[in-house]
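Notes follow the structure.
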Amino acid sequence: MEFRFVSRRPEGLERFVESIWFARGRIDYPDERIAPTGSTVAVVVLGDPIRETPADGAGEPLVTGTGFLLGPHDRPVVNEPLGETHCVGIVTTPVGCEAVFGIRPATIRGRVVDLLTAWPAATPLRRRLLHLDAPAPAPTPCSTPSPRP
């Protein structure tokens with residue numbers, strides 16, 4: 001299965017949410033380093049478990065088959081899918097963490113924590129996502145006709 005990644009910026013939430021994304025497939029390398037950001041990222045795991053390790057691989061790893069919340073970090077994190085990746089992510093803006101997840105970003109800065117424990121609303125969200133096949137195709141841009149003179 002080829003790797004598929006779809007990212008969207010939700011309208012009306014730009015102040016709090018940078019993007020919502022969907023990923024599914026297998027990567028052809030064992031792990032990847034993800035650059036640091038000022039964002040908090042929630043990842044709802046819908047398939048095989050993922051090992052997520054903060055602090056450029058030196059932090060305490062979390063292996064989860066349900067999801068993780070990655071706090072803002074200043075060192076790369078190591079993402080290691082333990083099979084096929086199948087997940088949905090929510091990336092907040094630097095000010096969006098508390099508004100979206102109800103968590104002060106300072107409490108999870110540089111850490112990765114269990115999503116369902118940190119954000120209980122993820123439990124029913126994950127349940128609903130498990131019943132979806134894939135994201136809908138991106139809407140086709142439409143042009144607005146010019147007014148007639």
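The values are calculated or read from the model by the stated rules, or taken from the named source; none is laboratory data. This is a predicted model, so every value here is computed, not measured. Positions of Cβ are backbone-derived with ideal geometry, glycine not excepted, and every protein chain shown enters the neighbour counts. Ligands, DNA and RNA are stripped out before the accessible areas are found, and what is left, the full protein with its side chains, is counted by its heavy atoms. Shrake-Rupley method; radii C 1.70, N 1.55, O 1.52, S 1.80 Å.
Structure notes:
- Between Glu11 and Ala58, the FRET efficiency estimated from the beta carbon spacing at R0 = 30 angstrom works out to 0.20.
- Placing a pseudo-label 7 Å from each Cα along the Cα-to-Cβ vector at Asp48 and Tyr29 gives an inter-label distance of 1.7 nm.
- Per residue, in Å², the accessible surface of the chain once ligands and nucleic acids are set aside, probe 1.4 Å: 59 Å²
- Counting charges near Arg15 (Lys, Arg +1; Asp, Glu -1) among other residues having Cβ under 14 Å from its Cβ returns a value of -3.
- The share of Cα pairs per 10 Å bin across region 4-133, counted from zero up to the longest distance, runs 13, 47, 36, 4 percent.
- Relative contact order of the chain, pairs being alpha-carbon contacts under 8 Å that are 6 or more residues apart, as %: 27 percent
- Whole-percent carbon and sulfur share, accessible surface of the chain, 1.4 Å: 55 percent
- FRET efficiency, Val95 to Arg128 (Cβ-Cβ, R0 25 Å, nearest 0.05): 0.40
- When shorter helices are ignored and each DSSP H run of at least 4 residues is given -39500 (n - 2.57), the per-residue value for the chain at 222 nm works out to -2500 deg cm²/dmol.
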